[in-house]
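Derivation of every value follows stated rules applied to the coordinates shown; laboratory data play no part. Fair warning: this is a prediction, and the values are worked out from it, not measured in the lab. Virtual Cβ from ideal backbone geometry, glycine too; neighbours counted across all protein chains shown.
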Amino acid sequence: MLNGQRTVTAGHAPFLKNIRIALSNYYIWCRAPRLAVAARALENGSTCFVGIGLPSEAANLARLTHAPDVVLIYESGTLQTKPDILPLSIGDGELSDSALTTVAVPEMFRYWLQGGKVDVGFLGTAQIDRFANLNTTLIGDYREPKVRLPGGGGAPEIATSAGEVFITLKHSKRAFVKDVDFITTVGFGRDGKARDGVPNIGRGPSRVITDLCVMKPDSETRELVVVSLHPGVTREDVVEATGWEIRFAEQLETTPVPDENELSILRELKARTERAHSGQQE
């Protein structure tokens, strides 16, 4: 003990290492089901406009497993991006360093996205409602918000012009609300009909992947319906974490568990990312 504070000795090192390993494994197991199911939804050879965070982690898991030829595009203008570590932001140098090429942001949105060359947009969000509208702008009243959120970035354009949209986020009543406080990114509008009859627009959200389940929009009403529960999750768990009367598919499935290869790749990717961001050498 030094100056009344406990010090870490060499004898503590193995114990602390085991703690870090345990926390890392817990982190992987908590995120692995939704990452794996999101990754498996990406087809080899498709072009995906990727958001930072969970979407990036899932998209790169797909690239490192069943979809080596998936083309990953990031908002900063990087094409056919193959990062060795997960980027902290769209401005992370890892993206441009690992890309086949980079283009100006206006070209990225006008030629690639609005030109119909993006198959999938992969997004996260702070709030989502029953019609898959996304809110990343504010919580509360627009003129006197309780919380200011980061904003839309490129998500509104991605959700409009990509062929379809995958959304991933943590499941809670704070995130899954009946009606979002502000529509930053249109899913299917307040009544589920916002895309009806609109030319030159993508299909919109085709699946929502959380840490509890997978949802898809109803083919008629466009309201989100639970189609798959992750292993160990019950209907009651989903109901308690959702801010509206959630519906379940008649043929409710169980999400396949991640295989050992997917878990191994996620662990390695997380370890490489942590070493790089902490300044450690390989």
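Total residues in the range 100-113 satisfying the condition of being among the aliphatic types (A, V, I, L, M) and in contact with a Leu (Cβ under 6 Å, 6 or more places away or on another chain): the figure is 1. I'm checking my understanding of the structure. Among residues of the range 115-127 that are small (Gly, Ala, Ser) and in contact with a strand residue (DSSP E or B) (Cβ under 7 Å, 6 or more places away or on another chain), which one is surrounded by the most Cβ atoms within 10 Å (Cβ to Cβ)? Looking at residues that are small (Gly, Ala, Ser) and in contact with a strand residue (DSSP E or B) (Cβ under 7 Å, 6 or more places away or on another chain), I get 121. The residue that is nearest to residue 119 (Cα to Cα), among those in the range 210-227 that are touching a residue at least 40 places away in the same chain (Cβ under 8 Å) and assigned to a strand (DSSP E or B), is 217. The residue that is surrounded by the fewest Cβ atoms within 10 Å (Cβ to Cβ), among those in the range 197-225 that are within 21 Å of residue 126 (Cβ to Cβ) and aliphatic (A, V, I, L, M), is 214. For the range 228-243, a tally of residues being β-branched (Val, Ile, Thr) and in contact (Cβ under 8 Å) with a residue 12 or more places away in the chain returns 3.
Just give me the residues in the range 128-159 being over 21 Å from residue 90 (Cα atoms) and surrounded by 14 or more Cβ atoms within 10 Å (Cβ to Cβ), in sequence order.
Once the filter is applied, which keeps residues that are over 21 Å from residue 90 (Cα atoms) and surrounded by 14 or more Cβ atoms within 10 Å (Cβ to Cβ), the range 128-159 yields 128, 129, 130, 131, 132, 133, 138, 139, 145.
Just give me the residues in the range 149-169 being out of contact with any helix residue (DSSP H, G or I) (no Cβ under 8 Å at 6 or more places or on another chain) and either free of Cβ contacts under 8 Å to residues at least 12 places away in the same chain or under 22 Å from residue 198 (Cα atoms) (or both), in sequence order. 152, 155, 156, 159, 160, 163, 164, 167 - these are the residues of the range 149-169 that are out of contact with any helix residue (DSSP H, G or I) (no Cβ under 8 Å at 6 or more places or on another chain) and either free of Cβ contacts under 8 Å to residues at least 12 places away in the same chain or under 22 Å from residue 198 (Cα atoms) (or both).
Within the range 231-278, being in a loop (DSSP other than H, G, I, E, B) and surrounded by 14 or more Cβ atoms within 10 Å (Cβ to Cβ) holds for 233, 241, 242, 244, 246, 255, 257, 258.
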